[in-house]
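The values are calculated or read from the model by the stated rules, or taken from the named source; none is laboratory data. Predicted, not measured: the structure shown is a model, and the values here were computed from it. Because the Cβ atoms are built from the backbone with ideal geometry, glycine has one as well, and the counts that use them run over all protein chains shown. Calculation scope for accessible area: heavy atoms of the full protein, side chains included, ligands and nucleic acids excluded. Shrake-Rupley method; radii C 1.70, N 1.55, O 1.52, S 1.80 Å.
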Amino acid sequence: MRVVDIIEAKKQGREHTKEEIDFLINSLMNGTAADYQISAWLMAVYFQGMTDDETAYLTDAMVRSGEVIDLGELAGSVIDKHSTGGVGDKVTITLIPLLAACGVPVAKLSGKGLGHTGGTIDKLESIPGFHTGLSIPDMIAQVKKIGVAIGAQTQKLTPADGKLYALRDVTATVDSRPLIASSVVSKKIASGADNIILDVKYGSGAFMKTPEDAVKLSEIMVKIGKKLNKNITAVITSMDEPLGRAVGNSVEIIEAIEFLKGNITEGDIAELTYDFAALSLVQLGKYPDTESAKKFVKEVISSGNALEKFRELIITQGGDAGVIDDYTKFPPVKYAYELKSDRDGYVQHIDALKIAYGCKLLGAGREKKTDDIDYGVGVFINKKTGEAVKAGETLCIIYSNDEKKTQSALKYCKEAFTLSDTKPVVHDLIYEIIK
Ligand code: URA
């Protein structure tokens, strides 16, 4: 078998065998396939697509390229949630202490961000002292002890995904359905949980631009997950404007804390967190329907138990839980610049990507894996889509440590807001659930 023949087969639109996919991934891992060959194959996949069988073979080969976590007796009861990525998405941070407080063990491995803001791990590391470099045995022991652990994913799991993703990133082949599906599902399988909930985003701030594309991606992921014996649900959600009001790192943790304190009970973050928690409880057979599960979830928040679980998680992972009661303990910023509206009206749309670019310019994200993140910088959105605004009122606040960067971010934030005379129709957050 030769790599060039596999590229030729895909170029012609032929279906790969399991042996061909295994050979390709082995060649990637042992260095006998050159990066340009893998890149050519990725582009052929981008245009020709893959069947469900091919996507399942690829997923399985990526899982076998590294270690697979054995959660032992916990595997059947643990929930793992994954988002395909969105601007301001802090739902993992609101959800995991909440689920743990509901009695559902959560073992979550997350990535560091290479996007406009940090990933979940970076956001958590904005809490002074919080460490995420847990070994797998430590993680399992922590889940047994306090019901929740969150660790940074290492190259030991699905290293083939790491290599493929790096090439996809620089060859404009990220937004291919079979490649996203195999990347996401392989990581979830290698993480060891039997119950998986996927948040599949569509919209201007997501890889999938339309709900129809997100449905197709979800159907593939659910099919592969089931083929590989997982209990898997995909929830298709909109990502047309940033999720919640905070975009950055510590600002997002503060918003998550406000939710866990019971101070945010309406809007996208609250709605999605309630829905994901309720779906998880139903998926695990703890509640018969999402309505009764949601009622319980809300009680767990108002009792203070979800917040206390977050406090326990922070303390156990070495962080300063004092941040919960005193936000000045987060990394400080020098400037808070308010972008004011120049007219009366309604917020018609907020371009998530533009806000994200602004945040990246401020230093909230990284270009290269080795770049440092400025944890305190970010954007707080004062007026969300559908909200009325008067001339002179603040649309958003830019938190920055550098005056020049503030001006560049301001340009993007200004462009992000579209105002109108009439109140726009705000669409449902959840488009469809696929089981
Ligand atoms: N998230 C992933 O983990 N992989 C992709 O390919 C896209 C989003």
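Conditions (1) assigned to a helix (DSSP H, G or I); (2) within 15 Å of the ligand (Cβ to nearest atom); (3) assigned by TED's automatic domain parsing to the domain that holds ILE253, marked per residue:
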| residue | (1), (2), (3) |
| --- | --- |
| ALA56 | yes, no, no |
| THR59 | yes, yes, no |
| MET62 | yes, yes, no |
| SER77 | no, no, yes |
| HIS82 | no, yes, yes |
| GLY85 | no, yes, yes |
| ASP89 | no, yes, yes |
| LEU95 | yes, no, yes |
| LEU98 | yes, no, yes |
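Only one of these is away from the ligand (no atom under 14 Å from the Cβ), open to solvent by less than 60 Å² (accessible area, probe 1.4 Å) and over 27 Å from SER39 (Cα atoms): GLY133, GLY129. Name it.
The match here is GLY129.
Kindly evaluate SER183 against the criterion of being in a loop (DSSP other than H, G, I, E, B), small (Gly, Ala, Ser) and either within 10 Å of the ligand (Cβ to nearest atom) or surrounded by fewer than 22 Cβ atoms within 10 Å (Cβ to Cβ) (or both).
no
Search region 162-176 for residues that are touching a residue at least 40 places away in the same chain (Cβ under 8 Å) and more than 10 Å from the ligand (Cβ to nearest atom) and pair each with any residue that is open to solvent by less than 70 Å² (accessible area, probe 1.4 Å) and not in a helix (DSSP H, G or I) when their beta-carbon atoms are under 8 Å apart and the residues are at least 6 apart or on different chains.
LEU167/THR173
Going by what's in this entry, would LYS123 be described as in contact (Cβ under 8 Å) with a residue 40 or more places away in the chain, touching a Phe, Trp or Tyr at 6+ places or on another chain (Cβ under 8 Å), not acidic (Asp, Glu) and not in a loop (DSSP other than H, G, I, E, B)?
no
Does GLY49 satisfy the condition of being closer than 30 Å to LEU353 by Cα, out of contact with any helix residue (DSSP H, G or I) (no Cβ under 8 Å at 6 or more places or on another chain) and open to solvent by less than 40 Å² (accessible area, probe 1.4 Å)?
Here the answer is no, as GLY49 does not meet what is asked.
In contact (Cβ under 8 Å) with a residue 24 or more places away in the chain and either over 22 Å from the mean Cα position of the chain (by Cα) or within 20 Å of LEU228 (Cβ to Cβ) (or both) - does that describe any residue in region 84-97?
Yes - at least one qualifying residue is present in region 84-97.
Please work out if ILE6 is under 24 Å from VAL222 (Cβ atoms), in contact with a Leu (Cβ under 6 Å, 6 or more places away or on another chain) and assigned to a helix (DSSP H, G or I).
No, not satisfied.
Give all pairs with beta carbons closer than 6 Å in which a residue from region 375-394 that is outside the structural domain of GLY358 (by TED's automatic domain parsing) meets a residue that is among the aliphatic types (A, V, I, L, M); count only pairs at least 6 apart in sequence or on separate chains.
Qualifying pairs under 6 Å: none.
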